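Heads up, the thing below is written out as structure tokens.
The values are calculated or read from the model by the stated rules, or taken from the named source; none is laboratory data. All of these numbers come straight from a predicted model, not from anything done at the bench. Note: ideal-geometry Cβ built from the backbone for every residue, glycine included; neighbour counts use all protein chains shown.
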Amino acid sequence: MRITVLGCWAPYPRAGGACSGYLLQDAGGNILLDAGHGVFSRLQQFIHHNDLRAAVISHWHPDHAADLECLRHAAAAAFKQGTRHRKVQLFIPAEPAPDFARFSRFTDVFDIVSIESLPVEEVPPGVRVHAGSVGPVRLFFLPARHSLPAYSLGVEGSGYLVYSGDTAPSEELTALAEEAGIFLCEASGFDRDAEHIGHMHLTARQAGETARRAGVKELIITHFFPEYDLAELQAQAAAGYGRPVELATEGDTYFLY
């Protein structure tokens, strides 16, 4: 399993950058995790969009979903030209309803999966998630604590990856991330921002503390406010984790075995 950072900024990108988006590759399949501003362009530096098998949108904020429109147009054109022969499996939240309705009608290019319609499992025991799959790769959607209906994501294939999405700290997220090979976790602010963002985001230190409690093997922080000093975010995350922390870097690929 490998994960490539397409974009790491929020709620807008630095010059030449992109917002939240990650390319997951495992078992011969390509899965896009989130599609914020600029992500579709960056995706095509690594694969042709026709080779994308599935996409996951963690929630409908534009810095996570804006470039889904690009994917829709590209897939529609590819079907018309005869270069794409399979719909994109698209996992999306059912709420807010207007956002879901806007995309659920595009059944000509997407195989729409409402996350809330997926069966509920306990993964790990006591933590209720919606469970789906893309081929042999299993996806576990954990309801997040955010300002919109949102999900954190566990991905189980040849390795185990957990992506926080946008969420406040929770015991359930810690349990989902337990012993993950990679924990790709938002670090949306410094310690001084905790009161302002604490009901819907993780600070860098909280990301580190969550990773430490979960015993994850590697912590990669992401979802950076463009005006912040990333070295300071990294230092606060490392203080919470008790170990070195990676900064998500656009274009970098990380491997799980």
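State whether one or more residues within region 227-243 are within 18 Å of the chain's Cα centre (by Cα), modelled with pLDDT of 95 or more and either within 21 Å of residue 36 (Cα to Cα) or part of a helix (DSSP H, G or I) (or both). I'd like the intermediate steps shown before the answer.
Just the residues of region 227-243 that are within 18 Å of the chain's Cα centre (by Cα), to begin with: none.
No, there is no match, as no residue in region 227-243 is within 18 Å of the chain's Cα centre (by Cα), modelled with pLDDT of 95 or more and either within 21 Å of residue 36 (Cα to Cα) or part of a helix (DSSP H, G or I) (or both).
Could you tell me which residue of region 109-126 is nearest to the chain's Cα centre (by Cα), considering only residues that are part of a loop (DSSP other than H, G, I, E, B) and modelled with pLDDT of 95 or more? Lay out the reasoning, then the answer.
Taking region 109-126 as the starting set, the residues that turn out to be part of a loop (DSSP other than H, G, I, E, B) are 109, 118-119, 123-126.
Those left that are additionally modelled with pLDDT of 95 or more: 109, 118-119.
Details: 109: 22, 118: 18, 119: 20 Å.
Ranking the candidates gives 118 first.
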Just a yes or no: is a residue in region 107-116 in contact with a Phe, Trp or Tyr (Cβ under 8 Å, 6 or more places away or on another chain) and free of Cβ contacts under 8 Å to residues at least 24 places away in the same chain? yes
For region 51-81: of the residues being more than 18 Å from the chain's Cα centre (by Cα) and of a type in the set (Gly, Ala, Ser), which is surrounded by the most Cβ atoms within 10 Å (Cβ to Cβ)? 75
Among the numbered conditions (1) outside any helix (DSSP H, G or I); (2) more than 19 Å from residue 225 (Cα to Cα), tell me where residue 58 comes up short. (2)
Which one of these is modelled with pLDDT of 95 or more, outside any strand (DSSP E or B) and either among the β-branched types (Val, Ile, Thr) or on the phi > 0 side of the Ramachandran plot (or both): 47, 31? 47
Let me spell it out: the conditions are (1) over 19 Å from residue 59 (Cα atoms); (2) part of a strand (DSSP E or B); (3) of a type outside the set (D, E, K, R), and residue 141 meets all of them except one. Which number is the exception? (1)
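Return yes or no: is residue 100 part of a loop (DSSP other than H, G, I, E, B), in contact with a strand residue (DSSP E or B) (Cβ under 9 Å, 6 or more places away or on another chain) and at pLDDT 95 or above?
Numbers: part of a loop (DSSP other than H, G, I, E, B): no; in contact with a strand residue (DSSP E or B) (Cβ under 9 Å, 6 or more places away or on another chain): yes; at pLDDT 95 or above: yes.
Criteria not met by residue 100.
Listed here are the residues, each with its yes/no results for (1) under 18 Å from residue 183 (Cβ atoms); (2) in contact (Cβ under 8 Å) with a residue 12 or more places away in the chain; (3) among the hydrophobic types (A, V, I, L, M, F, W, C).
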{"residue": "10", "(1), (2), (3)": "yes, yes, yes"}
{"residue": "26", "(1), (2), (3)": "yes, yes, no"}
{"residue": "36", "(1), (2), (3)": "no, yes, no"}
{"residue": "39", "(1), (2), (3)": "no, yes, yes"}
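Mind listing whichever residues of region 189-204 are farther than 16 Å from residue 150 by Cα and out of contact with any Gly (no Cβ under 6 Å at 6 or more places or on another chain)? Full working, then the answer.
If we filter region 189-204 for residues that are farther than 16 Å from residue 150 by Cα, which is where we start, we get 189-196, 203-204.
Scanning region 189-204 gives 189, 190, 191, 192, 193, 194, 195, 196, 204.
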Provide a single number: the residues in region 218-252 that are on the phi > 0 side of the Ramachandran plot and buried (at least 17 other Cβ atoms within 10 Å of the Cβ). 1
Scan region 5-28 for residues that are more than 15 Å from residue 54 (Cα to Cα), outside any loop (DSSP other than H, G, I, E, B) and of a type in the set (Ser, Thr, Tyr) and report the count. 0
May I ask you to list the residues in region 174-202 that are closer than 20 Å to residue 5 by Cβ and under 17 Å from the mean Cα position of the chain (by Cα)? 177, 180, 181, 182, 183, 184, 185, 186, 187, 188, 201, 202
Those residues of region 93-108 which are β-branched (Val, Ile, Thr) and in contact with a His (Cβ under 9 Å, 6 or more places away or on another chain), in sequence order: none
